[in-house]
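All remarks here apply to the structure that follows.
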Amino acid sequence: MPVPPSRVPSGPLAEKWSKHKFEMKLVNPANKRKFTVIVVGSGLAGSSAAASLAELGYNVDCFCYQDSPRRAHSIAAQGGINAAKNYQNDGDSVFRLFYDTIKGGDFRAREANVYRLAEVSVNIIDQCVAQGVPFARDYGGLLANRSFGGAQVSRTFYARGQTGQQLLLGAYSALSRQIALGKVRMHPRTEMLDLVVVDNTVRGIVTRDLVSGRIESWSADAVVLATGGYGNLYFLSTMCAGANVTAAFRAYKRGALFANPCYVQIHPTCIPVTGDHQSKLTLMSESLRNDGRIWVPKRPGDKRPPNQIPEDERDYYLERMYPSFGNLSPRDISSRAAKKVCDEGRGVGEFGRGVYLDFADAIKRLGRKTIEERYGNLFEMYEKITAENPYEVPMRIYPAVHYTMGGLWVDYNLMSNINGLHVIGEANFSDHGANRLGASALMQGLADGYFVLPYTLGHYLATTKLTRLSPSDAAFRQTEAEVRARIQKLVSLKGTRTVVSFHRELGKLMWDLCGMGRNAAGLKEALAKIPPLRERFWKEAIVTGAGEELNVALERAGRVADFLEFGELLCYDALERDESCGSHFREEHQTPDGEAKRDDERFCHVACWEYQGDGNKPLRHVEPLQFENVELGVRSYK
């Protein structure tokens, strides 16, 4: 199966999207109500897409496993959302946001997709303000901005440390309006367990009602996956406990290509691990690096309290190593730098896996009140978790899995290689290359949902002649039977080990062998260990309860079973990409001073993996990346 054309329009970069919008076919307004679209996921991407499509006149069925769209994990995003408004008059522009994003991703994303993202970013802010999102404002009443990693301009709009929550409430209000109008049928507590595909065209999905256990089929003219990322593969991550790869992995097993799965973002500012009792880690917003200074003791093994370590015995290592960007260096670089100083024995905290994020200078310069206004809720959250007052004692932070740049392959229209299957937000691979810049996730989710998909999905419907299948069609019955068989297999597991213990073991294996630093020997070791672990899961795990009832143990078992297969795919991708780029740091490929060393001649492409059946190695395809508007250069922040 070759990779389909990317469908990037011809013409100058700045004109591609406008030209494409004009050239795409439209659906007659009277005909839109004849079409039904399924949206799976109700975070920022899913809610904005469902609301926008319904506003246009389509009938929408929206599914989420949470009890309300408001509980989607987008709500946890703290720092802000980027937009090239240039309110600060500090040199920002659409092209600069485009360039920063391409460079931040280590030149492993499509130029045209990234430029479109930068272009529509300005519309997102207007849309959200109109919805009533309470962005922070300056003294004169204009929207305020702050800086984020990987940029030397201030383009991040924010609502204290609750930007994701406020944006999601805006999207939810738009979605609720359409629910009230009857254009969106909302299906909470319902999880997609499979995709129905006939002749490489998506025809619907099969779901499980998480309260009753009922299995149902849903037919539609198109399906949109907005199901987020797969970071919980690592067990400990900043993602919510329910985040999983199941929807995307089911699509992959039905023929969708999975792109760049090895691109996993490790965020530098999370509260460090404190023991084996934890099942989740907590992010401290990157926005804190605006005013906080990161340091460790110069002397290895220095266990003195931070306030007793004199200034000349501190190493502000990011400011020393990357003087141009300092504490606002990109996430991948900042994370590796933290690991490096901890590996040298200079880490802080009980286990030595932490660095200080210190606000003493900022409080002295700006006053405590200003810091409280900017980060008060974040400081409060940190104190509740650690019992330490960050106004008086530096925060302790350490990198943790936070986001995934890989995802299902999509073309310029955000459609996968399965006709009619569109993938948006974090679930696709599209916009961030090998590393995502801070405040760009919210931007992509809303760009896809509000401003891209409403055009491209309409074009698909206008140019495709299909008769919608009934949920009683043989293809649906066959897929339903396979879903029921898998559930029966899971509830038949009556071993002695908990599913959580397998998830924890898999996560540790992935973190140790395919985490911040990777090498060929470790990846081969992981590939040798995962299949036996998966085999033991199907022999030794215990799943209590039955399928036709509320059964949290069953939900988790299904998700972990998918992670046990998906982890192998991720390691294959990491092994085959024999270069360092962005978050994918192969220890064999680094410069003398420890920076990632790309191999553009061999790996300037998107890796697209095709499922070949259980037990068989997936097939790797490539989509070459073309750079016509930026020069491939050494990614330096020094």
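The values are calculated or read from the model by the stated rules, or taken from the named source; none is laboratory data. Because the structure is predicted, anything quoted here is derived from the model rather than measured. Reconstructed Cβ throughout: ideal geometry from the backbone, glycine too, with neighbour counts over all protein chains shown. Quick note on the areas: whole protein, heavy atoms, side chains included, nothing else; ligands and nucleic acids left out. Shrake-Rupley method; radii C 1.70, N 1.55, O 1.52, S 1.80 Å.
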(Q) Could you check the spin-label model distance between residue 539 and residue 370? Points 7 Å from the Cα along Cα→Cβ, value in nm. (A) 6.4
Q.
As a test of the definition: which semi-axes, in Å, follow for segment 342-462 when you take the square root of five times each eigenvalue of its alpha carbon gyration tensor? Largest first, please.
A. 42, 19, 11
Q) Among 170, 538, 257, whose Cα sits farthest toward the positive end of the charge dipole of the chain (+1 at Cβ of Lys/Arg, -1 at Cβ of Asp/Glu, about the Cα centre)? A) 170
Q. In square angstrom, what is the accessible area per residue of the chain with a 1.4 angstrom probe?
A. 38
Q: With r as the distance between the Cβ atoms of residue 216 and residue 546 and R0 = 22 Å, compute the FRET efficiency 1/(1 + (r/R0)^6) and round to 0.05.
A: 0.80
Q.
Using a 1.4 Å probe on the protein heavy atoms only, what accessible surface does residue 457 show? Give it in Å² to the nearest 10.
A. 0
Q) Say R0 is 30 Å: what FRET efficiency, to the nearest 0.05, do residue 304 and residue 380 get from their beta-carbon distance? A) 0.65
Q) Can you pull the percent of Cα pairs in segment 325-368 with separation above 12 Å? A) 67
Q: With 32 Å as the limit, write out which pairs from 253/508; 617/638; 508/539; 25/85; 16/617 have Cα-Cα distances beyond it, or answer none.
A: 617/638; 16/617
Q: Output the Kirkwood hydrodynamic radius of segment 1-137, Cα pairs only, in Å rounded to one decimal.
A: 17.8
Q: Consider just the alpha-carbon atoms of segment 278-336 and return their Rg together with their Dmax, both in angstrom.
A: 13.2, 38
Q | List 372, 55, ordered by accessible area with a 1.4 Å probe, largest first | A | 55, 372
(Q) Which GluC sites (Glu not before Pro) in segment 264-363 sit in a loop by DSSP (not H, G, I, E or B) and have at most 13 other Cβ atoms within 10 Å of their own Cβ? (A) 350
Q: Measure of size requested: the Rg and Dmax of segment 212-305, with Cα atoms as the atom set and Å as the unit; please supply both.
A: 19.7, 64
Q | Protein accessible area in segment 561-609, 1.4 Å probe - carbon and sulfur % | A | 42
Q.
Can you order the peptides 22-33, 76-87, 474-485, 171-182 by their average number of other Cβ atoms within 10 Å per residue, highest first?
A. 76-87, 171-182, 474-485, 22-33
Q.
Checking the a/c ratio against 1.5 first, then a/b against b/c, what shape does the Cα gyration tensor give for segment 454-603?
A. oblate
Q. Hey, any idea what % of segment 319-394's accessible area is carbon plus sulfur with a 1.4 Å probe?
A. 50
Q. When the accessible area of segment 173-300 is computed with all protein chains present and a 1.4 Å probe, what percentage of it is carbon and sulfur?
A. 52
Q | In segment 529-622, GluC sites (Glu not before Pro) in a DSSP loop with at most 16 other beta-carbon atoms within 10 Å | A | 548, 549, 587, 588
(Q) Given all pairs of different Cα atoms, what value in angstroms does the Kirkwood hydrodynamic radius of segment 117-180 take? (A) 12.9
Q: For segment 452-515 and segment 340-400, compute the distance between their C-alpha centroids and round to whole Å.
A: 40
Q. With every protein chain kept in the model, how would you rank 56, 328 by accessible area, 1.4 Å probe, largest at the top?
A. 56, 328
Q.
If you average the C-alpha positions of segment 266-322 and of segment 6-31 separately, how far apart do those two centres end up, in angstrom?
A. 47
Q: Straight distance only, please: which lysines reach the Cα of residue 384 with their own Cα at less than 25 Å, same-chain residues fewer than 8 apart left out?
A: 280, 303, 364, 369
**Q.** Length added when fully stretched, residue 198-residue 462, from 0.36 nm per residue minus Cα-Cα
**A.** 93.1 nm
Q) Taking the Cα atoms of segment 82-148, what is the range of coordinates along each of the three principal axes, in descending order and whole Å? A) 39, 25, 15
Q. How much space per residue, in cubic angstrom, does the convex hull of the C-alpha atoms of segment 152-263 take up?
A. 190
Q | Evaluated at q = 0.11, 0.18, 0.21 Å⁻¹: base-10 log I(q)/I(0), Debye formula over Cα of segment 77-209 | A | -0.57, -1.04, -1.16
Q: Mind giving me the FRET efficiency for residue 638 and residue 472? R0 is 56 Å, r the Cβ-Cβ distance, nearest 0.05 is fine.
A: 0.35
Q: List every DSSP H helix in the chain whose Cα atoms extend 24 Å or more along the helix's own long axis and whose mean Kyte-Doolittle hydropathy is at least -1.0.
A: 111-131, 163-181, 474-491, 520-540, 552-576
Q. Which value, in Å³ per residue, describes the convex hull spanned by the Cα atoms of segment 258-386?
A. 148
Q: Could you grab the Rg to Rh ratio for the chain? Cα atoms only, Kirkwood for Rh.
A: 0.95
Q | Sequence of 163, 227 when ordered by accessible area, the most exposed leading, probe 1.4 angstrom | A | 227, 163
Q: Just the number, please: percent antiparallel of the DSSP beta bridges in the chain, rounded to the nearest 5.
A: 70
**Q.** Positive-end extreme of charge dipole, segment 1-115 - chosen from 45, 84, 30 (charges on Cβ)
**A.** 30
Q.
Taking the Kirkwood radius as the inverse of the mean 1/r across Cα pairs, report the Rg/Rh of segment 415-538.
A. 1.08
Q. For segment 433-478, what size does the Cα cloud have along each of its three principal axes, sorted from largest down, in whole Å?
A. 46, 27, 17
Q) Under a no-solvent Debye model with one identical scatterer per Cα of segment 341-398, what's log10 I(q)/I(0) at q = 0.13, 0.14, 0.21 Å⁻¹? A) -0.37, -0.42, -0.81
(Q) Given Cβ point charges of +1 (Lys, Arg) and -1 (Asp, Glu) and nothing else, what value in debye, to the nearest 20, does the dipole of segment 473-531 about its Cα centre take? (A) 200
Q) How much length is gained if the chain between residue 180 and residue 486 is pulled fully straight, taking 0.36 nm per residue apart and subtracting their Cα-Cα distance, in nm to one decimal? A) 106.6 nm
Q) For segment 471-558, what is Rg from Cα atoms divided by 2.2 N^0.38 Å, rounded to two decimals? A) 1.37
(Q) Ignoring solvent entirely, what values of log10 I(q)/I(0) come out of the Debye formula for segment 1-58 at 0.29 Å⁻¹ when each Cα is a single scatterer? (A) -1.00
